[in-house]
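Structure first, commentary second.
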Amino acid sequence: MQHGKFWLWLLAPVIACGAAPQNPAASVAVPPVPVIRGLEIRPVQLTLKDARDERRVLVLGKTDGSNVVDLTAEASFKSESPSVEFDGNYIRGKQKGSAEVLISAAGQKITLPVTVESADVPDVRFVRDIQPVLAKSGCNAGTCHGSAKGKNGFKLSLRGYDPDFDYHALINDISGRRFNRANPDESLMLQKPTGEVPHEGRQAIKPGSREYKLLRDWITQGAKNEDPKTARATAVEILPGDVAMDLPGREQQMLVVAKYPDGSTRDVTRDAHFSVSNTEVAQVDRDGRLKGLRRGEAAILVRFEGIYATKLLTIMGDRSGYEWKDVAENNFIDKHVNDKLRRVKALPSELCTDAEFIRRVSLDLTGLPPKVERVRAFLVDTTASKEKREKLIDELIGSPDYVKYWGNKWADLLQCNSEQLGQKGVWVYRQWIEKRIAENMPYDQFVRAVLLADGSTFQNPAANYFRVLKEPCKITEDVSQTFLGVRFNCNKCHDHPFEKWTQNQYYEFGAHFARVAFKKGTLPGEEVVYRNYNGGEVKHLKTDMVVAPKFPFGDEREIKGDEDRRDPFVDWLASKENPLFAKSMANREWSYFFGKGIIDPVDDIRGGNPPSNPALLDALTAEFIKSNFDLRQLMRTICQSRTYQLSIIPNKWNEDDTINFSHALPRRLSAEQMLDAVAVATGVRPQFSGMPVGMRSVEIPDGTVAGNDFLALFGRPKRQSACECERTSNLTLSHALNLINGTTLSEAVSSPKSRIAKLVESEPDNKKLTEEIYLSCLNRFPTEKEIAAIDFAQSKARLDLAQDLTWALINSSSFVFNR
């Protein structure tokens, strides 16, 4: 088998498909301001509670179209009333009463009504005033005093999640040195952050600044505390309501308004933290000013004192000449996708060909490419394309190959591995999973069977889930990530740094599993999972106190008598009313067919990671619930959609789209798909150590496959984590070289028992031989150009050329990727 004339041709496209995109330049020219026809302000009026209640307004210019541009930075403010004064763009109450502020920008004017309820200056408050300053200055960040062990002997709670702890740390920990009430300017609390004495964090606060004055006033007024329950914000609102830019280079100021338990509000923009999900699309500075970098979408995450809010930013870009063209919609998926495409002025691609579809859907539903005979029959079938595609979907869903493939998927998620389960344990666990898939057990019942399992791990294999995890903390993290799509491991040691989940909720969640116990069975390698009637509790890491079980959200149900704590928990978890249970699985299933979730990563659902198409995900979730959690029906709905059947070839209006499903994205085959596809193409199945002859790679029950480096290299997980990220699908030079020079492919192609050798011997027609090789490798007929490029008639070694062709096609991106 001679590969020299093919490998240069193949290496470039294979590596290119895995190449990372380059980041755009951070500097983008600001486009000219269009003609402004009028002004809008947000909010439309202000009420100032006291002299510390300083607020800013957004000034937006209305253009000829429906667009608005931000004019806040260039706007001027003026008022004849003695009730207000200005500090830059901030408006502050000076005297009780009413005022009108005249705002001017771009030759236009608008009036802002202001009411000043009081001009009194209240004392500085620790929770409401000081903690936000410490957070914004980075004092309680994870890299400073908020780290697990603090910094230089002084510790604060991470990002201020525990105000009482922070107050006592400041007051009681060497308070004589940290505060000097007689001479506040000599306080270390001021000298350290301003850099007047050596400080690792350098100058975090400037002398004379607003932040400096607040700290100084607080010390002067006696460094008083206040009740966090009444003084801490409960929610934040982001202004403007819709964040959209017509062109890259535009800027938009954000405002953040905090809401408090007493019903009051205040502008906290200066103390809030801002970030964007996609720094290639936009950037944001510490003051909340956004700048668009290129056409696209990004989530804006705002954090203030443990409260999080997000806004979706859309940068439209130049869409001159765009016009929506109606296309067929096979089901509700297409409607919601198309609605989003209209909003972002994109067009969907054309449908994929029948040849592309049969390969795509076969790989997605069974993990195998279709056999040659099935491809031929499908391509020559004159039935309407939509009808025969739906028939093929029904044929594949529930087939034996489907069961094996999805058994492997769930073996990943439920961590079916021999390291914890032993050889017999891993086999019976995998067989139990496959049986449930073959029965099409509803998803909620499947989860119930897993989380309520007890008894012998051999007789009731579902109990192996607990055998793998063992500890309540590990159970908490894996159950939340697998069945809710939430990463609770981030709030084990402190409140979640980027979400609403608290440290208390982590241990309350785990308390439901505190009485799951284990003992040895009567057979070698057997364990028995049982409920410990003698008790069992979870203790809080910080307080060392026993924590009672409690749901992280939703209505609590009382645990009755000696009822298993898992019973009410699973009722809550797998309920149709649980907002995350069905949504997380609908999103996860979607990702298996599109290469990414509507929320991505699929097991990191949080406010700062919003869905790219909320209406689509809501509709998909509702349909899943309506079907009583029928996973097959969910897959059928996805595969029948026109969106799933779109071509990978983009058009002018969607070539930059990676999140709105306007065209298919090439997905590298998984390790098992790759190996099994090679077996289908060559007719040579690999032999796995200790496994039955002829077994598919997806049938292997264990994560680690002894003696098979190919599966490990191409990303088969060891199944020691609930994270989808344990399975990898990247493509590097090492992957390309393995396909080019590795023994797995070369031995399969050159085997005398291969399908290629048999074809060369049995098929004298060179054109038909070429067709057979293309059909077995790429599941399509060769083009006339491809047939002309392969001249068996001039070759003295017909078998060598057939092997070279097979090897070349398997190395091509058309084989390596599901397109």
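The values are calculated or read from the model by the stated rules, or taken from the named source; none is laboratory data. All of these numbers come straight from a predicted model, not from anything done at the bench. Please note: Cβ atoms are built from the backbone with ideal geometry, for glycine as well, and neighbour counts cover all protein chains shown. Side chains included, ligands, DNA and RNA excluded: accessible areas come from the protein's heavy atoms. Shrake-Rupley method; radii C 1.70, N 1.55, O 1.52, S 1.80 Å.
A 1.4 Å probe run over the protein chains yields, for the stretch 100-235, 49 Å² of accessible area per residue, whole-number rounding.
Please compute the per residue accessible area over the stretch 262-403 with all protein chains in place, 1.4 Å probe, rounded to a whole number of Å².
Spelled out: the 1.4 Å probe surface of the stretch 262-403, per residue, equals 42 Å².
Rg and Dmax, both from the Cα atoms of the stretch 505-557 and both in Å, are 14.2, 43.
If the label point is 7 Å along Cα→Cβ of Phe165, which residues in the stretch 301-338 have backbone nitrogen under 19 Å from it? Correct set: 304-308. Against the chain, whose longest principal axis comes from its Cα atoms, helix 798-811 is set at around 20 degrees.
Given Cβ point charges of +1 (Lys, Arg) and -1 (Asp, Glu) and nothing else, what value in debye, to the nearest 20, does the dipole of the chain about its Cα centre take? Present the calculation step by step, with values, prior to reporting the outcome.
Values: 111 positive and 109 negative charges, 151 e Å.
That gives the chain a dipole magnitude of about 720 debye.
Solvent-accessible surface of the stretch 633-755, taken per residue with a 1.4 Å probe and all protein chains present: 39 Å².
Once the dipole of the stretch 41-91 is set up with Lys and Arg at +1 and Asp and Glu at -1 on Cβ about the Cα centre, which of Ser81, Ser66, Ile91 lies farthest towards its positive end? The listed residue farthest towards the positive side: Ser66. At the residue level, Cys352 shows approximately 10 square angstrom of accessible surface with a 1.4 angstrom probe and all protein chains present. Shape analysis of the stretch 146-199 based on the Cα gyration tensor places the equivalent ellipsoid semi-axes at 20, 14, 9 Å, largest first.
One chain, two ends: Trp324 and Asp791. Fully extended at 0.36 nm per residue, the span grows by 163.5 nm beyond their Cα-Cα distance. Taken one residue at a time, the phi angles of the stretch 79-87 give Karplus couplings (6.51, -1.76, 1.60, θ = phi - 60°) of 8, 8, 7, x, 7, 10, 9, 10, 10 Hz. Gly and Pro are set to x.
Relative to the longest principal axis of the Cα atoms of the chain, the long axis of helix 418-438 lies at roughly 80 degrees. Other residues within the sphere of radius under 11 Å centred on the Cβ of Val749, judged by their own Cβ, net out at -2 (K and R +1, D and E -1). Compared with the dominant principal axis of the Cα atoms in the chain, helix 332-343 is inclined by about 50°.
Going from most exposed to least, what order do Arg780, Arg342, Arg467, Arg295 have by accessible area with a 1.4 Å probe?
The ordering from most to least exposed comes out as Arg342, Arg780, Arg295, Arg467.
The trypsin sites (Lys or Arg not before Pro) found in the stretch 30-74 that occupy coil by DSSP, while having at most 15 further C-beta atoms within 10 Å, are Arg37.
Once you have the alpha carbon radius of gyration of the stretch 132-249, what is it after dividing by 2.2 N^0.38 Å, with N set to its residue count?
Working: Rg = 16.6 Å, N = 118, 2.2 N^0.38 = 13.5 Å.
Rounded to two decimals, the normalised Rg is 1.23.
With a 1.4 Å probe and every protein chain kept in, tell me what percent of the accessible surface of the stretch 134-223 is carbon plus sulfur. Intermediate values should be presented prior to the final figure.
Values: 2210 of 4500 Å².
Ligands and nucleic acids excluded, carbon and sulfur give 49 percent.
What percentage of all Cα-Cα pairs in the stretch 181-335 are separated by more than 20 Å? Let's see the in-between values first.
Numbers: 7840 of 11935 pairs.
Tail fraction, whole percent: 66.
Pairs with C-alpha atoms separated by more than 31 Å, drawn from the list Lys151/Lys311; Lys335/Lys409; Lys435/Lys520; Lys335/Lys576; Lys136/Lys583, are Lys151/Lys311; Lys136/Lys583.
Taking a straight Cα-Cα cut-off under 12 Å and skipping sequence neighbours fewer than 8 places away in the same chain, the aspartates and glutamates within cross-link reach of Lys596 are Glu724.
Over the stretch 476-626, with every protein chain in place, what whole percent of the accessible area is carbon and sulfur at 1.4 Å, could you tell me? Before the final figure, lay out each step's value.
On the way: 3210 of 6330 Å².
Carbon and sulfur: 51 percent of the exposed surface of the stretch 476-626.
Karplus-based coupling profile of the stretch 286-303, in residue order and whole Hz: 5, 8, x, 9, 8, 9, x, 9, 7, 4, x, 10, 8, 8, 9, 9, 10, 10, with θ = phi - 60° in 6.51 cos²θ - 1.76 cosθ + 1.60 and x standing for Gly or Pro. Here's the list of lysines a cross-link from Lys109 could span, going by alpha-carbon distance under 20 Å and ignoring same-chain residues fewer than 8 apart: Lys62, Lys78.
Using the Cα gyration tensor of the stretch 565-700, with a ≥ b ≥ c the square roots of its eigenvalues, what is the shape: rounded (a/c below 1.5), prolate (a/b larger than b/c) or oblate (neither)? In terms of gyration-tensor shape, oblate. How about Lys474: which aspartates and glutamates have a C-alpha closer than 15 Å to its C-alpha, ignoring those fewer than 8 places off in the same chain? By straight Cα distance, Lys474 reaches Glu508, Glu537.
Element breakdown for the stretch 281-408 at a 1.4 angstrom probe: carbon and sulfur atoms account for 49% of the accessible area.
With the highest mean first, a sort of the peptides 470-476, 547-553 on other beta-carbon atoms found within 10 angstrom per residue produces 470-476, 547-553. Spatially, the stretch 676-723 and the stretch 786-815 are offset by 27 Å when compared through their Cα centroids. The modelled label-to-label distance between Tyr90 and Lys391, using points 7 Å beyond Cα along the C-beta direction, is 7.2 nm.
Beta carbons within 10 angstrom, averaged per residue: use that to sort the peptides 380-388, 573-581, highest first. The partial results should precede the final answer.
Working: 380-388: 11.4, 573-581: 17.3.
Put in order of decreasing packing, that is 573-581, 380-388.
Averaging the Cα positions of each part gives two centres, and for the stretch 473-495 and the stretch 198-272 these lie 30 Å apart.
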